[in-house]
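Visitor: Sharing a structure with you now.
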Amino acid sequence: RIAQDRYTFGVSDTGEPYALPLDGPRIVKMLRGAGSLRAELAAAFLTDFGNPPPQQALADALMALEGLALAAKAKPLALRVADSHGALWLDIGDDTGELLRIGPEGWEIVSEAPVLHRRTALTAALPRPAIGGNLSALWSLLNIAAADRPVLVAFLVTTLMPNMPHPILLLTGEQGTGKSTAAKIIASVVDSSTVQLRKPPRDLDSWTTAAVGSHVVAVDNLSTLPDWLSDALCRASTGDGDVRRRLYTDGD
(Lines give C-alpha, C1' and ligand atoms only; values in the text may rest on other atoms or scores of the structure.)
Protein backbone atom coordinates (compact mmCIF):
# COMPACT_ATOMS: atom_id res chain seq x y z
CA ARG A 1 0.00 0.00 0.00
CA ILE A 2 2.83 2.40 0.89
CA ALA A 3 4.45 1.82 -2.50
CA GLN A 4 1.23 2.05 -4.50
CA ASP A 5 0.30 5.32 -2.79
CA ARG A 6 3.55 6.83 -4.08
CA TYR A 7 4.31 5.15 -7.40
CA THR A 8 2.97 3.51 -10.50
CA PHE A 9 4.93 0.55 -11.82
CA GLY A 10 6.12 -0.45 -15.26
CA VAL A 11 8.82 -2.26 -17.19
CA SER A 12 11.42 -0.98 -19.66
CA ASP A 13 11.76 -2.32 -23.18
CA THR A 14 14.84 -4.21 -21.94
CA GLY A 15 12.83 -5.98 -19.21
CA GLU A 16 13.88 -3.91 -16.19
CA PRO A 17 11.02 -3.16 -13.73
CA TYR A 18 10.74 0.42 -12.48
CA ALA A 19 8.65 2.71 -10.29
CA LEU A 20 7.40 6.12 -11.50
CA PRO A 21 6.58 8.70 -8.78
CA LEU A 22 2.98 9.92 -8.73
CA ASP A 23 4.15 13.28 -7.37
CA GLY A 24 7.37 15.22 -7.82
CA PRO A 25 10.07 14.66 -10.44
CA ARG A 26 9.04 12.20 -13.15
CA ILE A 27 12.30 10.25 -13.00
CA VAL A 28 11.92 6.49 -12.68
CA LYS A 29 13.50 4.40 -9.95
CA MET A 30 14.60 0.89 -10.78
CA LEU A 31 13.31 -1.97 -8.63
CA ARG A 32 16.61 -3.85 -8.79
CA GLY A 33 20.10 -2.88 -7.74
CA ALA A 34 21.49 0.03 -5.78
CA GLY A 35 19.15 2.97 -5.32
CA SER A 36 16.04 0.80 -5.47
CA LEU A 37 12.88 1.36 -3.42
CA ARG A 38 13.83 -1.06 -0.65
CA ALA A 39 15.31 1.49 1.78
CA GLU A 40 12.65 4.11 1.03
CA LEU A 41 9.78 1.70 1.69
CA ALA A 42 11.40 0.46 4.90
CA ALA A 43 11.76 4.05 6.15
CA ALA A 44 8.15 4.86 5.24
CA PHE A 45 6.94 1.78 7.11
CA LEU A 46 8.96 2.84 10.15
CA THR A 47 7.37 6.31 10.04
CA ASP A 48 3.83 4.92 9.74
CA PHE A 49 4.02 2.07 12.25
CA GLY A 50 6.91 2.90 14.58
CA ASN A 51 8.97 -0.19 13.84
CA PRO A 52 10.95 -1.46 10.85
CA PRO A 53 9.25 -3.96 8.55
CA PRO A 54 10.15 -7.64 8.83
CA GLN A 55 12.73 -8.47 6.17
CA GLN A 56 10.66 -11.28 4.69
CA ALA A 57 7.60 -9.03 4.46
CA LEU A 58 9.65 -6.37 2.73
CA ALA A 59 11.07 -8.92 0.29
CA ASP A 60 7.58 -10.28 -0.42
CA ALA A 61 6.23 -6.77 -1.04
CA LEU A 62 9.04 -5.94 -3.45
CA MET A 63 8.53 -9.20 -5.31
CA ALA A 64 4.82 -8.45 -5.66
CA LEU A 65 5.58 -4.95 -6.92
CA GLU A 66 8.02 -6.36 -9.44
CA GLY A 67 5.28 -8.68 -10.65
CA LEU A 68 2.96 -5.70 -11.13
CA ALA A 69 5.66 -3.87 -13.04
CA LEU A 70 6.43 -6.80 -15.35
CA ALA A 71 2.73 -7.12 -16.23
CA ALA A 72 2.64 -3.56 -17.62
CA LYS A 73 3.25 -2.59 -21.24
CA ALA A 74 6.97 -2.11 -21.87
CA LYS A 75 8.22 1.44 -22.44
CA PRO A 76 11.65 2.73 -23.43
CA LEU A 77 13.67 4.52 -20.74
CA ALA A 78 16.06 7.25 -21.82
CA LEU A 79 19.40 7.94 -20.19
CA ARG A 80 20.08 11.70 -20.21
CA VAL A 81 18.55 12.46 -23.64
CA ALA A 82 15.55 11.28 -25.67
CA ASP A 83 14.03 12.09 -29.07
CA SER A 84 10.23 12.31 -29.11
CA HIS A 85 7.38 14.41 -30.52
CA GLY A 86 9.67 16.43 -32.76
CA ALA A 87 11.98 17.56 -29.97
CA LEU A 88 14.96 16.46 -27.90
CA TRP A 89 14.46 16.04 -24.15
CA LEU A 90 17.59 16.48 -22.02
CA ASP A 91 17.46 15.45 -18.35
CA ILE A 92 19.15 18.20 -16.31
CA GLY A 93 19.88 15.57 -13.65
CA ASP A 94 19.10 17.57 -10.49
CA ASP A 95 16.54 17.04 -7.73
CA THR A 96 13.84 19.04 -9.54
CA GLY A 97 13.53 16.46 -12.32
CA GLU A 98 13.23 19.25 -14.88
CA LEU A 99 14.26 18.77 -18.48
CA LEU A 100 15.39 20.83 -21.42
CA ARG A 101 13.06 20.67 -24.41
CA ILE A 102 15.14 21.44 -27.50
CA GLY A 103 13.19 22.02 -30.71
CA PRO A 104 13.45 23.89 -34.02
CA GLU A 105 12.17 27.04 -32.34
CA GLY A 106 14.70 26.96 -29.49
CA TRP A 107 14.92 25.52 -25.99
CA GLU A 108 12.96 25.79 -22.76
CA ILE A 109 13.03 24.24 -19.30
CA VAL A 110 9.98 22.01 -18.66
CA SER A 111 8.77 19.74 -15.87
CA GLU A 112 6.75 17.29 -18.03
CA ALA A 113 7.82 15.23 -21.02
CA PRO A 114 6.30 12.54 -23.25
CA VAL A 115 9.24 10.25 -22.42
CA LEU A 116 10.62 8.65 -19.27
CA HIS A 117 14.20 9.04 -18.09
CA ARG A 118 16.29 6.82 -15.86
CA ARG A 119 19.42 7.69 -13.90
CA THR A 120 22.33 5.74 -12.51
CA ALA A 121 24.89 6.34 -9.79
CA LEU A 122 27.02 8.07 -12.45
CA THR A 123 24.38 10.68 -13.37
CA ALA A 124 25.19 14.18 -12.09
CA ALA A 125 23.42 17.52 -12.51
CA LEU A 126 24.10 19.76 -15.49
CA PRO A 127 24.41 23.53 -15.03
CA ARG A 128 21.34 25.53 -16.00
CA PRO A 129 21.67 26.88 -19.55
CA ALA A 130 22.08 30.60 -20.09
CA ILE A 131 20.27 32.69 -22.68
CA GLY A 132 22.58 34.33 -25.20
CA GLY A 133 25.47 31.95 -24.70
CA ASN A 134 28.55 32.06 -26.90
CA LEU A 135 30.87 29.20 -27.82
CA SER A 136 33.90 31.47 -27.72
CA ALA A 137 34.11 30.89 -23.95
CA LEU A 138 34.63 27.18 -24.62
CA TRP A 139 37.77 27.77 -26.70
CA SER A 140 39.40 29.67 -23.85
CA LEU A 141 39.27 26.43 -21.83
CA LEU A 142 40.32 23.92 -24.49
CA ASN A 143 43.62 23.50 -26.27
CA ILE A 144 41.92 22.82 -29.63
CA ALA A 145 43.28 24.11 -32.94
CA ALA A 146 40.95 26.56 -34.70
CA ALA A 147 40.64 24.25 -37.70
CA ASP A 148 39.37 21.42 -35.48
CA ARG A 149 36.78 23.44 -33.54
CA PRO A 150 33.91 22.87 -36.02
CA VAL A 151 34.54 19.12 -35.70
CA LEU A 152 34.20 19.33 -31.92
CA VAL A 153 31.00 21.39 -32.19
CA ALA A 154 29.55 18.78 -34.57
CA PHE A 155 30.47 16.04 -32.11
CA LEU A 156 28.73 17.88 -29.24
CA VAL A 157 25.59 18.36 -31.34
CA THR A 158 25.42 14.65 -32.19
CA THR A 159 25.57 13.72 -28.50
CA LEU A 160 22.14 15.35 -28.15
CA MET A 161 20.66 13.04 -30.81
CA PRO A 162 20.16 9.56 -29.38
CA ASN A 163 18.82 7.64 -32.38
CA MET A 164 21.75 7.78 -34.77
CA PRO A 165 25.28 6.39 -35.13
CA HIS A 166 27.71 8.52 -33.14
CA PRO A 167 31.30 9.47 -33.91
CA ILE A 168 34.02 8.45 -31.48
CA LEU A 169 36.03 11.50 -30.45
CA LEU A 170 39.79 10.91 -30.16
CA LEU A 171 41.94 13.51 -28.41
CA THR A 172 45.66 13.26 -29.16
CA GLY A 173 48.66 15.35 -28.17
CA GLU A 174 51.94 15.37 -26.30
CA GLN A 175 52.10 14.93 -22.54
CA GLY A 176 50.93 18.07 -20.77
CA THR A 177 48.79 19.44 -23.63
CA GLY A 178 45.55 19.22 -21.61
CA LYS A 179 43.97 16.10 -23.11
CA SER A 180 42.44 14.89 -19.84
CA THR A 181 41.13 18.33 -18.94
CA ALA A 182 39.61 18.69 -22.41
CA ALA A 183 37.98 15.27 -22.20
CA LYS A 184 36.47 16.11 -18.82
CA ILE A 185 35.05 19.44 -20.04
CA ILE A 186 33.69 18.03 -23.31
CA ALA A 187 31.95 15.09 -21.62
CA SER A 188 30.47 17.30 -18.89
CA VAL A 189 28.76 19.62 -21.39
CA VAL A 190 26.04 17.06 -22.17
CA ASP A 191 26.46 14.26 -19.60
CA SER A 192 27.89 15.48 -16.32
CA SER A 193 28.97 12.52 -14.21
CA THR A 194 30.09 11.70 -10.69
CA VAL A 195 33.07 10.00 -12.37
CA GLN A 196 33.68 12.09 -15.47
CA LEU A 197 36.81 10.28 -16.68
CA ARG A 198 37.24 6.50 -16.54
CA LYS A 199 40.29 4.33 -16.70
CA PRO A 200 40.43 1.98 -19.69
CA PRO A 201 38.20 -1.09 -19.14
CA ARG A 202 40.04 -4.31 -18.41
CA ASP A 203 37.63 -6.57 -20.31
CA LEU A 204 34.33 -6.63 -22.21
CA ASP A 205 32.22 -7.07 -19.07
CA SER A 206 33.66 -3.99 -17.37
CA TRP A 207 33.19 -1.98 -20.57
CA THR A 208 29.54 -3.04 -20.83
CA THR A 209 28.90 -2.03 -17.23
CA ALA A 210 30.51 1.39 -17.79
CA ALA A 211 28.74 2.01 -21.07
CA VAL A 212 25.25 1.27 -19.75
CA GLY A 213 25.71 3.73 -16.89
CA SER A 214 26.37 6.90 -18.89
CA HIS A 215 25.24 8.61 -22.08
CA VAL A 216 28.80 9.84 -22.79
CA VAL A 217 31.72 7.65 -21.71
CA ALA A 218 35.08 9.41 -21.51
CA VAL A 219 38.08 7.06 -21.26
CA ASP A 220 41.35 8.63 -20.13
CA ASN A 221 44.96 7.57 -20.81
CA LEU A 222 44.11 4.99 -23.45
CA SER A 223 47.65 3.91 -24.34
CA THR A 224 46.66 0.92 -26.47
CA LEU A 225 43.48 -0.19 -28.21
CA PRO A 226 43.03 -3.97 -28.10
CA ASP A 227 40.87 -5.59 -30.76
CA TRP A 228 38.03 -6.46 -28.36
CA LEU A 229 37.74 -2.83 -27.19
CA SER A 230 37.93 -1.48 -30.73
CA ASP A 231 35.03 -3.77 -31.70
CA ALA A 232 33.05 -2.84 -28.56
CA LEU A 233 33.43 0.88 -29.24
CA CYS A 234 32.24 0.41 -32.81
CA ARG A 235 29.19 -1.52 -31.64
CA ALA A 236 28.36 1.14 -29.06
CA SER A 237 28.74 3.99 -31.56
CA THR A 238 26.30 2.42 -34.04
CA GLY A 239 23.70 1.42 -31.46
CA ASP A 240 24.46 -2.28 -31.33
CA GLY A 241 24.87 -3.92 -27.93
CA ASP A 242 26.55 -6.52 -25.80
CA VAL A 243 24.73 -9.18 -23.81
CA ARG A 244 25.93 -10.53 -20.47
CA ARG A 245 24.44 -12.31 -17.52
CA ARG A 246 22.58 -10.07 -15.09
CA LEU A 247 24.04 -8.96 -11.79
CA TYR A 248 21.65 -6.81 -9.77
CA THR A 249 24.27 -4.12 -9.19
CA ASP A 250 25.37 -3.78 -12.80
CA GLY A 251 22.97 -0.92 -13.57
CA ASP A 252 24.91 1.34 -11.20
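Visitor: Looking only at residues in the range 142-173 that are polar (S, T, N, Q) and touching a residue at least 60 places away in the same chain (Cβ under 8 Å), which one is least open to solvent (accessible area, probe 1.4 Å)? Before the answer, list the steps.
Guide: Residues of the range 142-173 polar (S, T, N, Q): 143, 158-159, 163, 172.
Next, from what is left, pick out any that are touching a residue at least 60 places away in the same chain (Cβ under 8 Å): 159, 163.
Values: 159: 11, 163: 124 Å².
It comes out as 159.
Visitor: Restricting to the range 1-11, give me the number of residues that are open to solvent by 30 Å² or more (accessible area, probe 1.4 Å) and either under 16 Å from the mean Cα position of the chain (by Cα) or of a type outside the set (Lys, Arg) (or both).
Guide: Step one: filter the range 1-11 for residues open to solvent by 30 Å² or more (accessible area, probe 1.4 Å), giving 1, 4-6, 8-9.
Those left that are additionally either under 16 Å from the mean Cα position of the chain (by Cα) or of a type outside the set (Lys, Arg) (or both): 4-5, 8-9.
Result for the range 1-11: 4.
Visitor: If we scan the range 26-36, do we find a residue that is more than 23 Å from residue 215 (Cα to Cα), open to solvent by less than 40 Å² (accessible area, probe 1.4 Å) and within 22 Å of the chain's Cα centre (by Cα)? Please lay out each step first, then the result.
Guide: First, the residues of the range 26-36 that are more than 23 Å from residue 215 (Cα to Cα): none.
No: zero hits.
Visitor: If I filter the range 52-88 down to residues being assigned to a loop (DSSP other than H, G, I, E, B) and closer than 30 Å to residue 215 by Cα, which single residue comes out as most open to solvent (accessible area, probe 1.4 Å)? Spell out the reasoning first.
Guide: Within the range 52-88, the subset assigned to a loop (DSSP other than H, G, I, E, B) is 52-54, 71-74, 76, 80, 85-86.
Subsequent filtering for residues that are closer than 30 Å to residue 215 by Cα retains 71-74, 76, 80, 85-86.
On the way: 71: 87, 72: 36, 73: 172, 74: 55, 76: 88, 80: 5, 85: 146, 86: 63 Å².
Selected residue: 73.
Visitor: Which of the residues that make up the range 111-140 are open to solvent by 70 Å² or more (accessible area, probe 1.4 Å), over 25 Å from the mean Cα position of the chain (by Cα) and at pLDDT 90 or above?
Guide: 140
Visitor: Okay, next question. Taking the range 200-219, which residues are open to solvent by 40 Å² or more (accessible area, probe 1.4 Å) and within 26 Å of residue 138 (Cβ to Cβ)?
Guide: 215, 217, 219
Visitor: Since residue 48 meets every condition but one in (1) closer than 19 Å to residue 18 by Cβ; (2) open to solvent by 50 Å² or more (accessible area, probe 1.4 Å); (3) in contact with a helix residue (DSSP H, G or I) (Cβ under 9 Å, 6 or more places away or on another chain), which condition does it not meet?
Guide: Going through (1) closer than 19 Å to residue 18 by Cβ; (2) open to solvent by 50 Å² or more (accessible area, probe 1.4 Å); (3) in contact with a helix residue (DSSP H, G or I) (Cβ under 9 Å, 6 or more places away or on another chain) one by one, residue 48 breaks only (1).
Visitor: All but one of (1) open to solvent by 80 Å² or more (accessible area, probe 1.4 Å); (2) part of a loop (DSSP other than H, G, I, E, B); (3) in contact with a strand residue (DSSP E or B) (Cβ under 9 Å, 6 or more places away or on another chain); (4) at pLDDT 90 or above hold for residue 14, so report the exception by its number.
Guide: Every condition holds for residue 14 apart from (4).
Visitor: What is the one condition in (1) out of contact with any Leu (no Cβ under 8 Å at 6 or more places or on another chain); (2) of a type outside the set (Ser, Thr, Tyr); (3) closer than 25 Å to residue 213 by Cβ that residue 41 does not satisfy?
Guide: (1)
The values are calculated or read from the model by the stated rules, or taken from the named source; none is laboratory data. Being a predicted model, the structure only gives us computed values, none of them experimental. As a convention, Cβ positions derive from the backbone with ideal geometry for all residues, glycine included, and neighbour counts pool all protein chains shown. When the accessible area is computed, the model is the full protein with side chains, heavy atoms only, and any ligands, DNA or RNA have been set aside. Shrake-Rupley method; radii C 1.70, N 1.55, O 1.52, S 1.80 Å.
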